[in-house]
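A.B. asks: Questions regarding the structure given below will be posed in turn.
Derivation of every value follows stated rules applied to the coordinates shown; laboratory data play no part. Since we're looking at a predicted model, the values are computed, not measured. For neighbour counting, all protein chains shown are included, and Cβ atoms are generated from backbone atoms with ideal geometry for every residue, glycine included.
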Amino acid sequence: MKKFLTKEYLYDFFIIILGNFLVALSFSFFLDPNNIVIGGATGAATILKYTLGLDTALTVLIINIVLLIISYFLIGREFFLKTLFSSLLLPLLISLLNMLYGVIAKEGSIIISETTLVIVFSSIIMGIGIGLVMRKGGATGGTEIPQKILYKYFHIPYSVSLFLVDGIIILLGAIFIKEEGQVMDVHMILYAIIFMYISGMVIDQIVFSGFNSRAVHIISDKNDIIQERILKDFSRGVTRVEVVGGYTGDNKTKLICILSSSEFYKLKALIEEVDPNAFFYVVRANEVSGEGFTRKKWMK
């Protein structure tokens, strides 16, 4: 039981709750009131609300429970347990935020209904929410479960199954939620594509951003001085790699150092101070773990 009371566990638990809250907020305050379908269990719930008058929170709960039961038998107990919490938490948060939205709307407060603003802000908020949950190894349930099944049994990549599953839901939304006389609402499909693109970029930034770190590669005749200054001034580790110049054939030593973006600009100034002729290049380190970068040390 003690491991559930650690600072790390409580932090992960809080982040998963926060992620689900943001997903629910995006749906309850932006997408659902404007009948915008962007795929997933929430998109299916919006269609059923529009066509049959069903409560969206209850619909999401039922869909998630059914998919959870299927995942237990087809994917396994580990994924089931990892997805269980968010699958039950999300509908609860949607229900609470739906009630809050109803109170705000009843009082005549400002509600965002301009479609472009709705798509932009909801995609960013939901992307952050899903990214936070995914970063902690969880899932919000919904159509992520069919994607797992399609990958496990049919080897369909997640990128393909995402467009397959969500695409069907978006298409159904465009068919059922439309102006009278139209065959389908093409605008909804286009808006959904924009939503998926923006939210996908945001999710990538959240999941793979690490600590917004940079890997700096330095080749200089004064590497020893630069290395000493990095160790002393930044308390960062440095890796030395022997390299050979392709043009000159000279043997050189390359320094590699991982550090945060803010630290990089200080290091850049240091390199220019020690050796203005130094050659260096910087690449983004999408995922960094270890001494100096893990959250365990950061939280102490």
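A.B. asks: Taking Cα pairs under 8 Å and at least six residues apart, what relative contact order does the chain come out at, in percent?
C.D. replies: Details: 422 pairs, mean separation 59.8, N = 300.
Normalised by residue count, the contact order of the chain is 20 percent.
A.B. asks: Per residue, how big is the convex hull around the C-alpha atoms of the range 29-68? Give it to me in cubic angstrom, could you? Please report the intermediate quantities before stating the final value.
C.D. replies: Numbers: hull volume 2.5 nm³, N = 40.
Cα convex hull per residue, to the nearest whole number: 62 Å³.
A.B. asks: In deg cm²/dmol, rounded to 500, what helix-only [θ] at 222 nm does the chain give when every DSSP H run of at least 4 residues adds -39500 (n - 2.57) and the total is split over its residues? Don't skip to the answer; put the middle values down first.
C.D. replies: Details: 11 runs with 182 residues, N = 300.
Rounded to the nearest 500, it is -20000 deg cm²/dmol.
A.B. asks: At 20 °C and a viscosity of 1.002 mPa s, what translational diffusion coefficient does Stokes-Einstein give for the range 111-254, taking Rh as the Kirkwood radius over Cα pairs? Give it in µm²/s as a whole number. Before the final figure, lay out each step's value.
C.D. replies: Details: Rh = 19.8 Å.
My calculation gives 108 µm²/s for D.
A.B. asks: Which order do the peptides 20-31, 185-196 come out in when sorted by mean C-beta neighbours inside 10 angstrom, highest first? Could the numbers behind the result be given before it?
C.D. replies: On the way: 20-31: 24.2, 185-196: 17.7.
Descending packing order for the listed peptides: 20-31, 185-196.
A.B. asks: For the range 221-273, what is the convex hull volume of its Cα atoms per residue in Å³? Kindly include the intermediate steps, with their values, before the conclusion.
C.D. replies: Working: hull volume 4.8 nm³, N = 53.
It comes to 90 Å³ per residue, whole-number rounded.
A.B. asks: Hey, what angle do you get for helix 56-74 against the long axis of the chain, alpha-carbon based, 0 to 90 degrees rounded to 10?
C.D. replies: For 56-74 against the chain, the angle is about 60 degrees.
A.B. asks: How far apart, in nm, are two points set 7 Å out from the Cα along the Cα-to-Cβ line at Phe154 and at Leu18?
C.D. replies: 3.7 nm
A.B. asks: Could you sort the peptides 56-65, 95-104 by per-residue average Cβ neighbour count (10 Å cutoff), highest mean leading?
C.D. replies: On the way: 56-65: 21.3, 95-104: 14.6.
Result, highest mean first: 56-65, 95-104.
A.B. asks: Modelling each spin label as a point 7 Å along the Cα-to-Cβ direction, I'd like the Asp204/Phe176 distance in nm, to one decimal.
C.D. replies: The answer from the label model is 3.2 nm.
A.B. asks: According to the Cα gyration tensor, what semi-axes, each the square root of 5 times an eigenvalue, does the equivalent ellipsoid of the chain have, listed from largest to smallest in whole Å?
C.D. replies: The three semi-axes for the chain are 46, 22, 20 Å.
A.B. asks: Another question, if that's okay. Taking every pair of alpha-carbon atoms in the range 1-82, what share in percent sits in each 5 Å bin, from 0 to the bin with the longest distance?
C.D. replies: Result, from short to long distances: 3, 13, 16, 18, 17, 15, 10, 4, 2, 0 percent.
A.B. asks: Hey, rough spin-label estimate for Leu74 and Val186, points 7 angstrom out along Cα→Cβ, what's it come to in nanometres?
C.D. replies: 3.4 nm
A.B. asks: Now a separate question. Ranking request for peptides 127-136, 68-77, 246-255: highest mean number of other beta-carbon atoms within 10 Å first, then the rest in descending order. Present the calculation step by step, with values, prior to reporting the outcome.
C.D. replies: Details: 127-136: 22.8, 68-77: 15.0, 246-255: 11.2.
So the order, starting with the most tightly packed, is 127-136, 68-77, 246-255.
A.B. asks: Report the full-extension gain for the segment Ile65 to Ala269: residue separation times 0.36 nm, less the Cα-Cα distance, to one decimal in nm. Show your work: numbers first, answer last.
C.D. replies: Working: separation 204, 0.36 × 204 = 73.44 nm, distance 5.56 nm.
Difference between extended and current length: 67.9 nm.
A.B. asks: Net charge within 10 Å of Val282 by Cβ-Cβ distance, Lys/Arg positive one each and Asp/Glu negative one each, not counting Val282 itself? Let's see the in-between values first.
C.D. replies: On the way: positive: Arg214, Lys268, Arg284; negative: none.
Around Val282, the charge tally is +3.
A.B. asks: Once the Cα atoms of helix 144-154 and of the chain are each reduced to a long axis, what angle between those two axes, in degrees from 0 to 90 to the nearest 10, is obtained?
C.D. replies: On a 0 to 90 degree scale, this one is about 80.
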